[in-house]
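Notes follow the structure.
The values are calculated or read from the model by the stated rules, or taken from the named source; none is laboratory data. Everything numeric in this text was worked out from a predicted model, so none of it was measured. Please note: Cβ atoms are built from the backbone with ideal geometry, for glycine as well, and neighbour counts cover all protein chains shown. Heavy atoms of the whole protein, side chains included, go into the accessibility calculation; ligands, DNA and RNA do not. Shrake-Rupley method; radii C 1.70, N 1.55, O 1.52, S 1.80 Å.
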Amino acid sequence: MNQLRTISQIIEPQTAIEGAGVRLLRSIAPKSSNLFDPFLLFDHFAFNDPLEGPLRGFPMHPHRGIETVTYMLEGATHHRDSLGNAGLIGPGDVQWMSSGRGILHEEMPRRGPSGNIYGFQLWVNLPSHLKMSEPRYQEVTAATIPTYEKDGVRIRVVAGTVDGVTGPVTDIAASPLYMDVELAPGIEWHFPIPGGHTLITYVFQGEGVFSGETIDAVKMVKFSEGDHIMVKTENNPVRFMLMAGAPFKEPIVPYGPFVMNTLEEIQQTLKELRDGTFIKE
Ligand code: MN
C-alpha cells in the first residue's frame, strides 16, 4: 500500500422528499455527469421523532437498469413486488435488488420498538449489457452478515472481504465493497481499496480523521485515486458506510427510478409502462 487516497469532495446531505412524502437525507442522486460511477444515489432514512406524523412510504413504483441496496439499522422496511416477493427487511438486514429489465415494488418503512426508523438506500448502476437482464434479489438477514472484529475495529461485511471475512452478497457487476465500519477511539485503520475503483464513505456517527482531514457526522466523502484509505480516531468513535466499486465508464441517462444508457432506452421504458409491457414474464 503506497498511494493514500485523499479526500476529493465532502458532501453535506440535503433534506429531500420522496415517495409519498418521505423526508430523507440525500447525499448523491443520479445525474448524467455520473461523478460517483458506479454509484448513483445514497439516501439516509432517519425518522427519530415519533410525533412527526403518519408514516409514509414508497408505494408501487418501477425500476429498470439499476440495483437498489437497502440496509436497515433500526425499524424495518416492508416490501413487495411484481415478481411475487414480499417480506420485511429488519434491523441489520440487507436487500440487494438488481432490477435488471424491470420490477415494480413497494417499500414501506415501519418504526422499531423505540419509535425510530434508521437505514440507508444505495443505488448501484448496471453496465449496459445487464440493464435488461432478469431481475434478481439477494436477501441477507442480519445473522448471515459476518462481523470482522479486532483491536477496536468492528466491520459488518455486506459485500467484499476484510482480512479473510467475506460478505454474503456476491456476483455484482460493480465488484463492490459495502461495509459498515466502526472504529473505537484511538485507532489508526488502514484498508486496501482496489486501484481504479470509486471510493465513497458515509460518516453517520461520531468523527474521524480521514486521510488527514477531520470529518464529523453526517457527511458523504469522496476520495481520490490510490490504493488504500487511512482513518484515525482521537477521543471519539466513528461509524461509516464504506462503498467502493468499479466504474463502468458508460454514458447514463437517469429518469426518476430508471437509469439507462440512452434517451431512446428511457423513451422505450416509458412506452412499455404505458402499454403495460414493462414487466416481462
Ligand atoms: Mn424502489
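Picking from residues in region 73-87 that are within 11 Å of the ligand (Cβ to nearest atom) and closer than 15 Å to residue 99 by Cβ, the one that is surrounded by the fewest Cβ atoms within 10 Å (Cβ to Cβ) is 81. Tell me whether region 55-72 contains one or more residues that are open to solvent by 50 Å² or more (accessible area, probe 1.4 Å) and not in a strand (DSSP E or B). The answer is yes; a qualifying residue exists. If only residues of region 90-101 that are away from the ligand (no atom under 12 Å from the Cβ) and not basic (Lys, Arg) are counted, the one that is surrounded by the fewest Cβ atoms within 10 Å (Cβ to Cβ) is 91. Could you please let me know if residue 10 is surrounded by fewer than 16 Cβ atoms within 10 Å (Cβ to Cβ), of a type in the set (A, V, I, L, M, F, W, C) and touching a strand residue (DSSP E or B) at 6+ places or on another chain (Cβ under 7 Å)? For residue 10, the condition - surrounded by fewer than 16 Cβ atoms within 10 Å (Cβ to Cβ), of a type in the set (A, V, I, L, M, F, W, C) and touching a strand residue (DSSP E or B) at 6+ places or on another chain (Cβ under 7 Å) - is met. Tallying residues that are free of Cβ contacts under 8 Å to residues at least 24 places away in the same chain and in a strand (DSSP E or B) within region 177-217 yields 2.
Any chance you could count how many residues in region 209-239 are more than 21 Å from the chain's Cα centre (by Cα) and not β-branched (Val, Ile, Thr)? The number of residues fulfilling the criteria is 11.
Of 250, 225, all but one fail to be farther than 19 Å from residue 92 by Cβ, in contact with a helix residue (DSSP H, G or I) (Cβ under 6 Å, 6 or more places away or on another chain) and of a type in the set (Asp, Glu); the exception is 250. Screening the candidates 174, 143 for the property of being open to solvent by less than 10 Å² (accessible area, probe 1.4 Å), of a type in the set (A, V, I, L, M, F, W, C), under 22 Å from residue 122 (Cα atoms) and not in a strand (DSSP E or B) yields one hit, 174.
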